[in-house]
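Scroll down for the structure; my scribbles are underneath it.
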Amino acid sequence: MVRHFIILSSSYSKGHRIALDLVILDEKDIEIGSQWIEKIKDECGEDTSISIHSIAAPSAEWSAVEKEDNFFENVLVIETVEEFISLIQIDRKLSGADVARYIIGQMSCTHLKLQKLVYYCYADYLCRTQERLFEDEIYAFALGPVVKSVREKFKEFRYIDSGDEGMIEERPALRMPVKSRILFAEKGIQKLRSIDETIEVYGGFSAGQLVELTHREGTPWDAVYDKTTVQIVPDKVIWERHCVEKEI
């Protein structure tokens, strides 16, 4: 029998659980495994979600591990610790579309309302923590702040002519996978709590009401909106002016 030392995590970009598989031949290999864990924590964060497993199998082949325990079936084995870290780092950062998918797992809403809720999640988190919730920039469009990744992802639901919009339906099947995606991100627990608090406050507002809030005089949108060009709404402006657009 051969002893396998396995470091297991998830890659949402790959759509698989991922593993580093170290075949233990002597005490030095155990030390290598410990070094891998330390390197992953150093480069990805102490709160990175990984699990450690030790299993005896008939051979050094990964197929032997799968046959020994079907828990390891459909796991993508990564060749190097550097590639493993790279895949985790990708998923430690959120996009606006990740937050949007989480929101539509909670409620049905129009694209316009979704845009405003994603923006409010971003602005609230920024003002609570002085850190970015996700990587996307915020842009000032005619109907308020817009996250371009959300706009592209759900563009078929955009308002047309009269202002009518298609509804983006609630999809309960999204709830657990997307929640796990957010929790996997850096400071995921803190981010999910903040998102939920924002949804609790503003989820019952209509798209029109949210637009009215973002269009108040002195809001971040009001400070940068230019009818001729699409401008980025800087974090500094959101930090300074988000209080104006909050329902108090």
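Is it fair to say Lys148 is surrounded by 20 or more Cβ atoms within 10 Å (Cβ to Cβ), of a type in the set (D, E, K, R), touching a residue at least 12 places away in the same chain (Cβ under 8 Å) and within 19 Å of Asp222 (Cα to Cα)?
No: the conditions fail for Lys148.
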In the range 35-64, what residues are closer than 27 Å to Lys93 by Cβ, small (Gly, Ala, Ser) and either surrounded by fewer than 14 Cβ atoms within 10 Å (Cβ to Cβ) or modelled with pLDDT under 90 (or both)? Ser51
Are any of the residues in the range 69-91 modelled with pLDDT under 95, under 24 Å from Glu186 (Cβ atoms) and open to solvent by less than 40 Å² (accessible area, probe 1.4 Å)? yes
Of the residues that sit in the range 92-143 and are among the basic types (Lys, Arg) and modelled with pLDDT under 95, which one is farthest from His242 (Cα to Cα)? Arg92
Which condition from (1) modelled with pLDDT of 85 or more; (2) open to solvent by 30 Å² or more (accessible area, probe 1.4 Å) is the one that Phe157 breaks? (1)
Surrounded by 24 or more Cβ atoms within 10 Å (Cβ to Cβ) and in contact with a Ser or Thr (Cβ under 9 Å, 6 or more places away or on another chain): is that true of Val99 in this structure? no
When the range 227-248 is checked residue by residue, the ones that are open to solvent by 20 Å² or more (accessible area, probe 1.4 Å), of a type outside the set (Ser, Thr, Tyr) and in a loop (DSSP other than H, G, I, E, B) are Lys227, Val230, Pro234, Lys246, Glu247, Ile248
Exactly one condition in (1) assigned to a helix (DSSP H, G or I); (2) modelled with pLDDT of 95 or more is false for Val178; which is it? (2)
Can you tell me which of (1) surrounded by 14 or more Cβ atoms within 10 Å (Cβ to Cβ); (2) in contact (Cβ under 8 Å) with a residue 40 or more places away in the chain; (3) out of contact with any His (no Cβ under 8 Å at 6 or more places or on another chain) is the one Ser13 doesn't meet? (1)
In the range 21-34, the residues that are among the aliphatic types (A, V, I, L, M) and either open to solvent by less than 70 Å² (accessible area, probe 1.4 Å) or touching a Pro at 6+ places or on another chain (Cβ under 7 Å) (or both): Leu22, Val23, Ile24, Ile32
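Test Ile18 against the criterion of being surrounded by 16 or more Cβ atoms within 10 Å (Cβ to Cβ) and either among the β-branched types (Val, Ile, Thr) or under 18 Å from Trp62 (Cβ atoms) (or both), and give yes or no.
Values: surrounded by 16 or more Cβ atoms within 10 Å (Cβ to Cβ): yes; either among the β-branched types (Val, Ile, Thr) or under 18 Å from Trp62 (Cβ atoms) (or both): yes.
In short, yes.
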Within the range 199-226, which residues are of a type in the set (S, T, N, Q) and part of a helix (DSSP H, G or I)? Gln209, Thr214
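The values are calculated or read from the model by the stated rules, or taken from the named source; none is laboratory data. The model shown is predicted, which means the values in this text are computed figures rather than measured ones. Backbone-built Cβ (ideal geometry, glycine too); neighbour counts: all protein chains shown. Just the protein is used for accessible areas: all its heavy atoms, side chains included, with ligands, DNA and RNA removed. Shrake-Rupley method; radii C 1.70, N 1.55, O 1.52, S 1.80 Å.
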